[in-house]
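> Quick one: this structure, given as structure tokens, is what I'll be asking you about.
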Amino acid sequence: MSAAHQLVVLIDPVARRIDGESVRIAKDVLCAGAQAKICWPQDPQDFAGALARRGGRRTVVVGDDQTLLRTVTLLHKKRELGRGALAMVPVGPADSLELARSLGVPMGAVAAARVALDGVAQRLDLLVDDCDQVVLGALRIPALSPVRVPSAPPTVWGAARSLVRTLVRAPAPVAAAMAHRLRVEADGVLLSDLDLPVAGVSVASGDGLAQVVVYGRTGERVRAAARAVTVSGPVGGFRYRADAVVGGPVRTRTWVAVAEAWQLVLPTPGAPPQTPFAP
């Protein structure tokens, strides 16, 4: 039996609390199509332990964007991202699944579980900052809005999430034309300096490089592709939103692009849409 059909399924307890029916459906589809070891971690330590014991099985995470990000971050820090592909069954409110949707993961439990069984592993880029945190999608500077996360059950896991949300909550939304003094360098080339206020900066990985856009206050844009992007701010620092997490304030931060750093199981190109069914 191939690794693709020997699964370890990590089910986020928040997903189980929010939408137990979708979790049940995903579990049934996965168990019907593969030899699946189902794990029900109750806290971050359980989650990390179950991930460490996955062996040669394909890892399937059932949960929201934070679940996927936590998984990739753990594997990155253990330098194990190259050991095999990840698959995801997204469960949660729509605004907690924006990253999964942008990466091409099907939104339905049945469709996503089928892709986890029969999809194709695709290599994707990511960004790593100077604190060894990963960015799978994109980041925005400054953080323009707080991250909305559904309420978690009253467990250690939920309490930890609540604490993190409290610590990193972004300030109130600001107008796009508001001035921000940011120094932006792409591979050492200066794109903007502190004496020229900008509306914001976005960075995403693509084609093996960091794709950076500096937004001017009057609509102009400066674009660059680089291996490393460094952003510095004023004395008070700046906040940024990376995937589903708001970070800062920091005085300076560097993000480095890593090409084809991880693998995500996605629908086979050209395959017809999945038809929902009740297992």
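> So which trypsin sites (Lys or Arg not before Pro) in segment 69-103 are both in a DSSP loop and have at most 15 other Cβ atoms within 10 Å of their Cβ?
Qualifying residues, ordered by number: K78, R79.
> Also: Per residue of segment 42-56, in order, report the coupling 6.51 cos²θ - 1.76 cosθ + 1.60 (Karplus, θ = phi - 60°) as ³J(HN,Hα) in whole Hz, putting x for Gly and Pro.
Values, residue by residue: 9, 7, x, 5, 4, 4, 4, x, 5, 5, 5, 9, 5, x, x Hz.
> Additional query: How high is the FRET efficiency from A52 to D132, r the C-beta distance, R0 22 Å, rounded to 0.05?
The calculated FRET efficiency here is 0.75.
> Sticking with this structure for a sec: Under a plain spin-label model, where a point goes 7 Å from the Cα along Cα-to-Cβ, how far apart in nm are A94 and R223?
2.8
> Still on this structure: What percentage of the solvent-accessible surface of segment 172-248, computed with a 1.4 Å probe over protein heavy atoms, is contributed by carbon and sulfur atoms?
56
> Rounded to the nearest whole Å², what accessible area per residue is found for segment 1-133 with the 1.4 Å probe?
Per-residue accessible area for segment 1-133 comes out at 40 Å².
> Here's another thing I want to ask about it. Any idea what the relative contact order of segment 43-100 is, in percent, if you count C-alpha pairs under 8 Å spaced at least 6 apart?
Once normalised by length, the contact order is 42 percent.
> Let me ask something additional. At a Förster distance of 25 Å, what's the computed FRET efficiency of R83 paired with V250, Cβ-Cβ distance as r, to 0.05?
0.20
> Can you tell me which lysines have their Cα less than 16 Å from the Cα of K37? Leave out same-chain residues fewer than eight positions away.
K27
> Roughly what would the spin-label model give for D43 and D195, points 7 Å off Cα along C-beta, in nm?
5.4
> As an exercise, find the ratio Rg/Rh for segment 1-145 from alpha-carbon atoms, using the Kirkwood inverse-distance average for Rh.
0.94
The values are calculated or read from the model by the stated rules, or taken from the named source; none is laboratory data. Source: prediction; values computed, not measured. Please note: Cβ atoms are built from the backbone with ideal geometry, for glycine as well, and neighbour counts cover all protein chains shown. What goes into the accessible areas is simple: the full protein's heavy atoms, side chains included, and nothing from ligands, DNA or RNA. Shrake-Rupley method; radii C 1.70, N 1.55, O 1.52, S 1.80 Å.
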